[in-house]
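Q: One structure is given below, represented as C-alpha cells, and several questions about it will come after.
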Amino acid sequence: MISHGELRSAVVVIGASGGIGRAIARVVARERRVVVLTARSTEGLSVTAAEVREAGGEALTLEMDVLAKDAPKQVEDFLTAHGLVCDVLVNSAGYGLRGAGIALPIDEQLGIIDVNIRALTEFTLYFLPQMAARKRGGVINLSSVASFAPGPYMALYYASKGFVRSFSLALHQELRRAGVTVTCVAPGPVATEFYARAGARHASLFSLLPKLEPEVVAESAWRGFKSGRRLVVPGISAKLAVFALNLLPSAAMLPLIGKLQRGGNDPCPCGSGKKFKKCHGARRT
C-alpha cells in the first residue's frame, strides 16, 4: 500500500490523442514530468505516449471516454494504482459543428454541451478540491477566441467556449490565494484536425486568421499557467481579434460573423432544402 507521502505528482491530459492536448503533453514532458494521457483513441494515445517519452517525460495511458460514468473517479483510481496524484489537470477534449442550429442533428449538438461543458466541469470540480487541500497545482482549460462572441452557424460551439472562459476565470479568482491556478487558454485557429471534423475547413472566418501550430499554443499555455495567469490568448492575430470583438457592437458583429462562417453552398436554414446562396437570393428579390 502506497502512503500519501509517497505519491508522485502527475500532469493529467484529458483528450491527449491529438491536437493541442498532445502538444501540451510534449511540452510538459521536457520538464521530465509524469504525464497521464487519456482519450478514446488507442492509436492516438500510443503516438502521444511515444512523443512524451522521446521528449524526456514518463507517459502512462488510460483509454476512456470523458462521458463515461464516474470518469473522473476512473482517472483517480488509475493514478492511485500507479502511486500518482493529479497535480495539474489539462482539459483539452472538445469538438464543434458548423451549420445552422435548426438544421444540425440535435443529438450531435447536445454532445457539444456534454463534452465541452459538462465533462470539463466535472473533471475540474472533482480534482480542484484535492489541489486546494495540497495548496499546489491547478487546471488548464482550453477555450477559444470564439468565447468572446456569439457564433452564428456554430452557435453551440461558441457558447460552450464562452462557458469555459467564464467558468475558468471565476474559479481563478476564487482560488487565487489558495496556491492553485486555473488558467483559461483561448487560441484562434490552430493547425489541427478540428476544422475538418467540425465541417469548418472552408469557412471564411477561419481562413482570415493565420493558423498557429499546436506547439506554439501549448508553449504559451504552459508558460502562462506556470506564471499564474488567468487567461492566455496565444498569437498576435488572436489578440487583435479579441480586441476587435470587444469594440464591435452586436448589431455589426453578429451579421459579420454569420456571413464569414456561412457558406453560400450550405443548406439554407429556412428548411427549403436549397443551397443558401440560391434560396437567400431568391427570397430577397
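The values are calculated or read from the model by the stated rules, or taken from the named source; none is laboratory data. On a predicted model such as this, the values are computed, not experimentally measured, just so you know. Note: ideal-geometry Cβ built from the backbone for every residue, glycine included; neighbour counts use all protein chains shown. With ligands, DNA and RNA removed, areas are computed over all heavy atoms of the protein, side chains included. Shrake-Rupley method; radii C 1.70, N 1.55, O 1.52, S 1.80 Å.
Q: Rounded to the nearest 10 Å², what accessible area does Phe167 show when all protein chains are kept and the probe is 1.4 Å?
A: Taking all protein chains as shown, Phe167 has close to 40 Å².
Q: Additional query: Please give every one of the aspartates and glutamates within straight-line cross-link reach of Lys226, meaning a C-alpha to C-alpha distance under 15 Å, and leave out same-chain neighbours fewer than 8 residues apart.
A: Glu31, Asp87
Q: If r is the Cβ-Cβ distance from Glu54 to Ser227 and R0 is 22 Å, what FRET efficiency results, to the nearest 0.05?
A: On the way: r = 27 Å, r/R0 = 1.21.
Calculated value: 0.25.
Q: If you don't mind, another one. Rounded to the nearest percent, how much of the accessible area of region 1-96 (1.4 Å probe, protein heavy atoms only) is carbon and sulfur?
A: On the way: 2010 of 4200 Å².
Carbon-and-sulfur percentage of accessible area, whole number: 48.
Q: Turning to a different aspect of this structure: Please give the Cα centre distance for region 30-48 versus region 120-174, rounded to the nearest Å.
A: If you average the Cα positions of each part, the centres end up 22 Å apart.
Q: Same structure, new question: Using 1/(1 + (r/R0)^6) with R0 = 51 angstrom and r between the beta carbons of Gln130 and Ile102, what's the FRET efficiency to the nearest 0.05?
A: On the way: r = 42 Å, r/R0 = 0.83.
That pair, Gln130 with Ile102, gives E of 0.75.
Q: Moving to a separate point now. Hey, which of these cross-link pairs are over 23 Å Cα-Cα: Lys73/Lys135; Lys211/Lys239; Lys135/Lys239; Lys211/Lys259? Could the numbers behind the result be given before it?
A: Numbers: Lys73/Lys135 21 Å; Lys211/Lys239 13 Å; Lys135/Lys239 32 Å; Lys211/Lys259 20 Å.
Pairs exceeding 23 Å: Lys135/Lys239.
Q: Continuing with this model, one more query. Under 1.5 on a/c is rounded, so check that first for region 6-128, then, if it is not, pick prolate when a/b is larger than b/c and oblate when it is not; a ≥ b ≥ c are the square roots of the alpha carbon gyration tensor eigenvalues. If you can, show how the numbers build up before the last one.
A: Numbers: a/c = 2.46, a/b = 1.64, b/c = 1.50.
In terms of gyration-tensor shape, prolate.
Q: Something else about it: Where does the charge balance sit around Arg40 when Lys and Arg score +1, Asp and Glu -1, over other residues with C-beta under 11 Å from its C-beta?
A: On the way: positive: none; negative: Glu43, Glu63, Asp65.
Result for the local shell: -3.
Q: Going by accessible area, probe 1.4 Å, with all protein chains left in place, what is the ranking of Lys161, Lys226, largest first?
A: Details: Lys161 15, Lys226 125 Å².
Largest accessible area first, the residues go Lys226, Lys161.
Q: Please give the charge dipole size of region 1-104, origin at the Cα centre, charges +1 on K and R Cβ atoms and -1 on D and E Cβ atoms. Round to the nearest 20 debye.
A: On the way: 11 positive and 12 negative charges, 63 e Å.
Rounded to the nearest 20 debye, it is 300 debye.
Q: I would also like to ask the following. Once you have the Cα-Cα distance between Ser250 and Asp114, take 0.36 nm times their residue separation minus that, and quote the gain in nm to one decimal.
A: On the way: separation 136, 0.36 × 136 = 48.96 nm, distance 2.76 nm.
That pair, Ser250 and Asp114, stretches by 46.2 nm at full extension.
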